[in-house]
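Asks: Have a look at this one before I ask anything.
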Amino acid sequence: MSFRGVSSHEARPPRSPRGESQLADIRRQVVALDLGTSVSIRISPRARRVGLRINAADRVVELVLPPGVPASHGLRFLASKRGWIAARLEALPLPAPFAEGAIVPVLGVPHRICCAVEAGIPPVAIVDGEIRVRGDPMHLARRVRDYLVAKARSELASRARRLAARIGHNVARVTVRDTKSRWGSCSGRGNLSFSWRLIFAPEPVLDYVVAHEVAHLAEMNHGPRFWHLVESLSPDSATPRAWLKRHRSQLLSYG
C-alpha cells in the first residue's frame, strides 16, 4: 500500500523528525485499514470539507483534506467509509489491457486485437472488425495504443474544425492527452484538447464532446447561450452526456 502526504504537483516543505514520525504513524494507520488498494492524501485549497474520490484509472482512493485539517481526522473519515470504498472498487470494471484476443471498442464498435502475418499491410490496421498488428508481439500493446491515439487525434480534429466553421470560428490547434478528470478543454487562444480515450466511445458521444468544446470558442462560459449553441451543434446532447457519466470508468480501463 502506498501513501502520499500531498499530491505530486504540490510543493513539499522540509520535514522535521517529528513530522517524519507523524507520517510514519499515518502510514501504519492506512495499512491497518486494509482497504485493498492504495491511498493518497491531497491537501486542496478549494476543499471546504473532507472528501473521498476513487481514481477509476488507477483504482486508487484519494482522501481530500481542506488546509489545516489534521490527517488523523481524515483517516477517521476514511475508516468510516470502508463499506462505500469497497462497493465502489468492486463496481469498477477490471483493467482491459491491449493484448491478443482482447475486445476493444473503436468508435463504439467492438474490435478484436490479433497478431497479423500478412505482408503489405500497415503495422496496425482495422480490417473486418479486427485490430491487426504486425511485428514482434512484445510491442503489440504499444502499437495498438499509438494507433488509437493517432486515430483519436484525426477524428477529433476533423470534427472540431468542421463544427467550428459552422459557427464562424477557427480552431488554432487540436491535441489529445490521457486526461483523467475531463474529456476536453478549450483555451482562450482557440486551442482544443481532448482525451484520446474518447476513441472508444460511440460517435454521437465524440460529436457531443467536440460540440461542447467548439461552443467555448464563442462562449467561454456555461451560460444559457453556451448550452443553446451546444444543442444546435449536437442535438439531444443530454443523452451522450449521460452516457459519458455512466461509462467513464469503462473508458479509463482500456490499455
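The values are calculated or read from the model by the stated rules, or taken from the named source; none is laboratory data. Bear in mind the structure is a predicted one, so any value in this text is a computation, not a measurement. Backbone-built Cβ (ideal geometry, glycine too); neighbour counts: all protein chains shown. We work out accessible area using only protein heavy atoms, side chains counted, and drop any ligands, DNA or RNA first. Shrake-Rupley method; radii C 1.70, N 1.55, O 1.52, S 1.80 Å.
Asks: Identify, from the list ALA172, ALA99, ALA150, the residue that is of a type in the set (A, V, I, L, M), surrounded by fewer than 19 Cβ atoms within 10 Å (Cβ to Cβ) and more than 30 Å from LEU217 (Cβ to Cβ).
Replies: Within the list ALA172, ALA99, ALA150, the selection yields ALA99.
Asks: Do you know which residues across the stretch 63-80 are surrounded by 18 or more Cβ atoms within 10 Å (Cβ to Cβ) and either free of Cβ contacts under 8 Å to residues at least 60 places away in the same chain or touching a Pro at 6+ places or on another chain (Cβ under 7 Å) (or both)?
Replies: LEU63, VAL64, LEU65, GLY74, LEU75, LEU78
Asks: Now, a different point. May I ask you to list the residues in the stretch 102-115 that are among the aliphatic types (A, V, I, L, M), touching a Gly at 6+ places or on another chain (Cβ under 9 Å) and open to solvent by less than 30 Å² (accessible area, probe 1.4 Å)?
Replies: Across the stretch 102-115, the qualifying residues are VAL104, ILE113.
Asks: Which count do you get for residues in the stretch 205-242 that are under 18 Å from the mean Cα position of the chain (by Cα), open to solvent by less than 30 Å² (accessible area, probe 1.4 Å) and closer than 20 Å to THR175 by Cβ? Please lay out each step first, then the result.
Replies: The initial filter retains those residues of the stretch 205-242 that are under 18 Å from the mean Cα position of the chain (by Cα), namely 205-210, 212-213, 240-242.
Checking which are open to solvent by less than 30 Å² (accessible area, probe 1.4 Å) leaves us with 205-206, 208-210, 212-213, 240.
From the residues that got through so far, the ones that are closer than 20 Å to THR175 by Cβ too are 205-206, 208-210, 212-213.
Number of matching residues: 7.
Matching residues to (1) in contact with a helix residue (DSSP H, G or I) (Cβ under 8 Å, 6 or more places away or on another chain); (2) among the acidic types (Asp, Glu):
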| position | (1), (2) |
| --- | --- |
| PHE98 | yes, no |
| GLY120 | no, no |
| ASP128 | no, yes |
| HIS139 | no, no |
| ARG143 | no, no |
| ASP146 | no, yes |
| ALA152 | yes, no |
| ALA157 | no, no |
| VAL171 | yes, no |
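Asks: Would the stretch 178-186 turn up any residue that is in contact with a strand residue (DSSP E or B) (Cβ under 6 Å, 6 or more places away or on another chain), under 25 Å from HIS222 (Cβ atoms) and either of a type in the set (S, T, N, Q) or surrounded by fewer than 17 Cβ atoms within 10 Å (Cβ to Cβ) (or both)?
Replies: Yes - at least one qualifying residue is present in the stretch 178-186.
Asks: Report, by residue number, each residue of the stretch 131-161 that is of a type in the set (D, E, K, R) and more than 25 Å from the chain's Cα centre (by Cα).
Replies: ARG132, ARG134, ASP136, listed by residue number.
Asks: From (1) within 17 Å of ARG112 (Cα to Cα); (2) surrounded by fewer than 14 Cβ atoms within 10 Å (Cβ to Cβ); (3) touching a residue at least 60 places away in the same chain (Cβ under 8 Å), pick out the condition that doesn't hold for ALA141.
Replies: (2)
To keep it simple, each residue is scored yes or no on (1) touching a residue at least 12 places away in the same chain (Cβ under 8 Å); (2) among the charged types (D, E, K, R).
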site: LEU107; (1), (2): yes, no
site: ILE113; (1), (2): yes, no
site: VAL124; (1), (2): yes, no
site: VAL127; (1), (2): no, no
site: ALA150; (1), (2): no, no
site: SER158; (1), (2): no, no
site: ARG162; (1), (2): no, yes
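Asks: Tell me, which helices (runs of 4 or more DSSP H) lie completely within the stretch 152-255 with 2 or more residues that are of a type in the set (Asp, Glu) and at pLDDT 95 or above?
Replies: Of the helices (runs of 4 or more DSSP H) lying wholly inside the stretch 152-255, those with at least 2 residues that are of a type in the set (Asp, Glu) and at pLDDT 95 or above span 203-215.
Let's see how each residue does on (1) assigned to a loop (DSSP other than H, G, I, E, B); (2) within 30 Å of GLU203 (Cα to Cα); (3) not small (Gly, Ala, Ser):
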site	(1), (2), (3)
VAL69	yes, no, yes
ARG76	no, no, yes
ILE85	no, no, yes
GLY101	yes, yes, no
ILE121	yes, yes, yes
